[in-house]
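Before any comments, here is the structure.
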Amino acid sequence: MIPPRTRADRSDAESARIESQCPVSRRTALRSLGVLLAGGTAGCIGGSGPSSDRIRWRKRIRGQPLLDDGTLYMMGRLTLHALSATDGSKRWTTEYSEGDFDQRLCLRSDIAVDGRRVYVPGCDGLRALRRSDGERSWFVDAPLRQGVGVGDGRVYANAEDLLAVDAEAGDVVWRADTGGDRLTRPAATADGVVFTNRVDGVVTAFDVDGERRWRYRTDTETRGPTVAGDTVYVATSTEPGLAGRLLALNRADGAVRWAVETPSPKRGTRPVVDGDTVYLGCSGREHGTLVALDRSDGAERWSFTDENSTVYEPAVTDRMVYAGSNDNHVYAFSRDGELRWQVETDSVVGSVVAGEELLYAANNERLFAIDRS
């Protein structure tokens, strides 16, 4: 394999350049909690993309942003970017070429990090790169079928089997037959891992030594799990585009604590748990929905409906909830569901992550840094 090219350049003027803004050109409307609100942050279409007073900088990079310790990581088509979360300047990039792989679009955008490494899943295996400069630490030659989960000193990856990889050395500690090839991204913890089979609707938990702890069947299309405290939260789509269910399972034995009806959860997203609330981004044939549910019993606290078909997995902070939508907007809500602001990006916003002062949103064309206040 041709080694990747790594570049470290903290003074990249082009990367740090803040694109010029243009005047607000039109207004949009949305319906939230039954109240029609006018949006004053519509964008203009042109070479520099949409504009809003909230947009601090933007980069022409596509992918899913991951923020950790002041650095934004994004896996584009063939380039892993490490950017300053403050101004978007380049810290380093690691580049690959089409000739490195037998398949096109081989690298996945759903990367993971721990304190020392960035993990990049691909159709040919799992790469671990140093966070300091993007140089490769190790490689596991096992074609992956989904993203990875990072636990305490372990990386869990879906290949032909579920692999538990030592994060320091890159050695496969154990592997388990999962009985399926459409597995979701594992939810890793310090003492084990939980994953689901999307089509068959099987939720499985393993202990840290590879022993299977329990298995639960949802009997319907199932999304990726989220582990919070002693509970595993799993969303299912009982009628894609119409209806779903959210399950709360006991982490120790898989017993159902509660189950509630929801809109159909978006494929590829997971429940987000923060404090006493569970948030779920959903799809519909006419409208997408963001729902906020009580963590103790699943009772609905509030919901938001967009003007298109999907609201994606939200980002939650101590005071706010942020989500992207198929209607090309980023929305900001208070924790009790009050719409605070919206920003138009001229393209579907599928991923958002929140920093201390900025929100990072990725659409089909660019990465945006948006003022949270």
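Here is the size of the stretch 236-300 from its Cα atoms: Rg then Dmax, 11.7, 39 Å.
What you get for the stretch 100-217, charging only the Cβ of Lys and Arg (+1) and of Asp and Glu (-1), is a dipole of about 480 debye around the Cα centre. The calculated 222 nm mean residue ellipticity attributable to helices in the chain amounts to 0 deg cm²/dmol, summing -39500 (n - 2.57) over DSSP H runs of n ≥ 4 and dividing by all residues. Computed over the stretch 46-118, the Cα gyration tensor eigenvalues convert (square root of 5λ each) into semi-axes of 24, 17, 10 Å, ordered from largest to smallest.
Per residue, the accessible area of the chain comes to 43 Å² when a 1.4 Å probe rolls over the protein heavy atoms.
How many percent of the alpha carbon pairs in the stretch 100-217 exceed a separation of 20 Å? Pairs farther apart than 20 Å: 36 percent. Its Kirkwood hydrodynamic radius, worked out from the mean inverse distance over all distinct Cα pairs, puts the stretch 176-257 at 12.6 Å. Taking Cα centre as origin and charging only the Cβ of basic (Lys, Arg, +1) and acidic (Asp, Glu, -1) residues, the dipole magnitude of the chain rounds to 760 debye. Placing unit charges on the Cβ atoms of the charged side chains and taking the dipole of the stretch 129-257 about its Cα centre, the candidate lying farthest along the positive direction among Leu242, Tyr156, Phe139 is Leu242. Per residue, the convex hull around the alpha carbon atoms of the stretch 145-214 comes to 69 Å³.
For the Cα trace of the stretch 254-373, dividing Rg by the Kirkwood Rh returns an Rg/Rh value of 0.96. In plain terms, the bigger the Kirkwood radius, the slower the diffusion; for the chain, with that radius from Cα pairs, at 37 °C and 0.692 mPa s, Stokes-Einstein puts D at 155 µm²/s. The Cα atoms of the stretch 133-292 define a convex hull whose projected area, averaged across directions, is 10.1 nm². What a 1.4 Å probe finds exposed on the stretch 100-217 is 37% carbon and sulfur by accessible area, rounded to a whole percent.
The values are calculated or read from the model by the stated rules, or taken from the named source; none is laboratory data. Note that this is a predicted model, so its numbers are computed, not measured. In this analysis, Cβ positions are derived from the backbone assuming ideal geometry, glycine residues included, and neighbour counts consider all displayed protein chains. To get the accessible areas, we keep the full protein, side chains included, count just its heavy atoms, and leave off ligands, DNA and RNA. Shrake-Rupley method; radii C 1.70, N 1.55, O 1.52, S 1.80 Å.
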